[in-house]
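The values are calculated or read from the model by the stated rules, or taken from the named source; none is laboratory data. No experiment lies behind these values; they were computed from the predicted model shown. Please note: Cβ atoms are built from the backbone with ideal geometry, for glycine as well, and neighbour counts cover all protein chains shown. Heads up: the accessible areas ignore ligands, DNA and RNA and are worked out on the full protein's heavy atoms, side chains in. Shrake-Rupley method; radii C 1.70, N 1.55, O 1.52, S 1.80 Å.
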Amino acid sequence: VRTETPFHCPVMVQECLEFLQPREGGVYLDCTLGEGGHALAILEKTAGKASVIGMDLDGDALESARQRLKTYIDQVQLVHENFARIGEVLARLGVNTVDGLLCDLGVSSRQLDQGERGFSFQVDGPLDMRMNRNGNLTAADILNRWKEEELEAIFERGEVPGAHRLAKAVVGQRRSSPFRTTGDLVRFLDKNGLHNRRTFHPATLAFQALRLATNREPENLSMLLSQLPAVLSGAGRCVFLSYHSLEDRAIKRALRERELDGTLRLLVKKPLCPRPDEIRLNPRARSAKMRAAERVSAG
Ligand SMILES: C[S@@+](CC[C@H](N)C(=O)[O-])C[C@H]1O[C@@H](n2cnc3c(N)ncnc32)[C@H](O)[C@@H]1O
């Protein structure tokens, strides 16, 4: 694990390699390329003799990955796309199936640390949260325009405590003072008893819930999962890293369904978590859960 680079520190890299088993000549789809940490590990493991299709919604992340992967750039195709459309993207690239698929959900450290992206309650900035800067819905739009019931539903889905009360309070607040910055939201959560630094930060859940809605993350994940195992070649493997119980549940359910219909074999029954030494080096890994499966060849 590289902690000394200026890039996002990839989570559970060794475990990902163990399950993906990248080999020379293989084609690997990194659905969430981010800053290319996992992709670099795949390319290093195969001495640059595998190829990686690296997809991300965030154009800035792709540029950053281009820098990080420069040694192997001839082996990499960078694609500014939503992984919900993997089938179409692969068809466009003339690729039928891939030998491995990796999906590392959530946001990268760079996205979190850049105040102007609006992902973090710890850095003040516009309440944006769009992974794709070309998208036209921001977190501020949601807070300032969505109906109270819709707000309640997204807080509830994000497991934010007191979703009903919170949605009501948002509607009350925005009448006098619309939400514009992450600071506005932090102060509002604080005023409404949701800014408590002692335990797992409840503001984390509120920010996450809004981020999930801004980027339609649950919907995208379910579209991706519905395209499994068709995009995997025989014995091709998929590895998922998630950071929210909502996502882990969706992955678990989808993989189990494919296990029942005999198209996937689960490689782990229970999700794997990062080892304590990894969490010590990279505290952002602490909530990671990893699941993996292998395509069962037909016939
Ligand atoms: C945790 S980061 C990935 C970090 C990467 N594994 C690395 O080692 O640098 C998650 C990335 O997924 C991207 N992302 C999230 N949802 C996406 C989607 N639906 N389609 C494509 N990329 C997505 C985010 O923009 C972010 O860059």
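Details
- When Q122, Q111 are checked against the criterion of being at pLDDT below 95, open to solvent by 10 Å² or more (accessible area, probe 1.4 Å) and in a loop (DSSP other than H, G, I, E, B), Q122 stands alone in meeting it.
- Those residues of segment 232-245 which are open to solvent by 10 Å² or more (accessible area, probe 1.4 Å) and either without any contact (Cβ under 8 Å) to a residue 12 or more places away in the chain or more than 14 Å from the ligand (Cβ to nearest atom) (or both), in sequence order: S233, G234, A235, R237, S245
- Among residues of segment 150-170, those that are surrounded by 16 or more Cβ atoms within 10 Å (Cβ to Cβ) and in a helix (DSSP H, G or I), counted: 10
- Matching entry among R216, R249 (being over 20 Å from L29 (Cα atoms), within 16 Å of the ligand (Cβ to nearest atom) and open to solvent by 10 Å² or more (accessible area, probe 1.4 Å)): R216
- Residues of segment 273-286 that are surrounded by fewer than 18 Cβ atoms within 10 Å (Cβ to Cβ) and in contact (Cβ under 8 Å) with a residue 24 or more places away in the chain: L281, R284.
- Residues that are away from the ligand (no atom under 16 Å from the Cβ), in contact (Cβ under 8 Å) with a residue 24 or more places away in the chain and among the polar types (S, T, N, Q), drawn from segment 97-137: T97
- A61 fulfils the conditions (1) surrounded by 18 or more Cβ atoms within 10 Å (Cβ to Cβ); (2) more than 12 Å from the ligand (Cβ to nearest atom); (3) of a type in the set (G, A, S) except for a single criterion, (2).
- Segment 253-295: number of residues that are touching a Lys or Arg at 6+ places or on another chain (Cβ under 8 Å), assigned to a helix (DSSP H, G or I) and hydrophobic (A, V, I, L, M, F, W, C): 2
- Among the residues of segment 45-58, those that are touching a residue at least 24 places away in the same chain (Cβ under 8 Å), open to solvent by 10 Å² or more (accessible area, probe 1.4 Å) and more than 18 Å from the chain's Cα centre (by Cα) comprise K45, G48, K49, S51.
- In a residue-by-residue description of segment 138-149, the property of being open to solvent by 40 Å² or more (accessible area, probe 1.4 Å), farther than 30 Å from L40 by Cβ, within 16 Å of the ligand (Cβ to nearest atom) and outside any helix (DSSP H, G or I) applies to no position.
- Those residues of segment 12-27 which are within 12 Å of the ligand (Cβ to nearest atom) and either touching a residue at least 60 places away in the same chain (Cβ under 8 Å) or open to solvent by 30 Å² or more (accessible area, probe 1.4 Å) (or both), in sequence order: M12, C16
- Among the residues of segment 70-80, the ones that are farther than 9 Å from L33 by Cβ and either of a type in the set (K, R) or under 21 Å from the mean Cα position of the chain (by Cα) (or both) come to 3 in all.
- The residue of segment 87-96 that is least open to solvent (accessible area, probe 1.4 Å), among those that are aliphatic (A, V, I, L, M) and more than 13 Å from the ligand (Cβ to nearest atom), is L90.
- A single entry from M223, M131 fulfils the requirement of being open to solvent by 30 Å² or more (accessible area, probe 1.4 Å) and under 17 Å from the mean Cα position of the chain (by Cα): M223.
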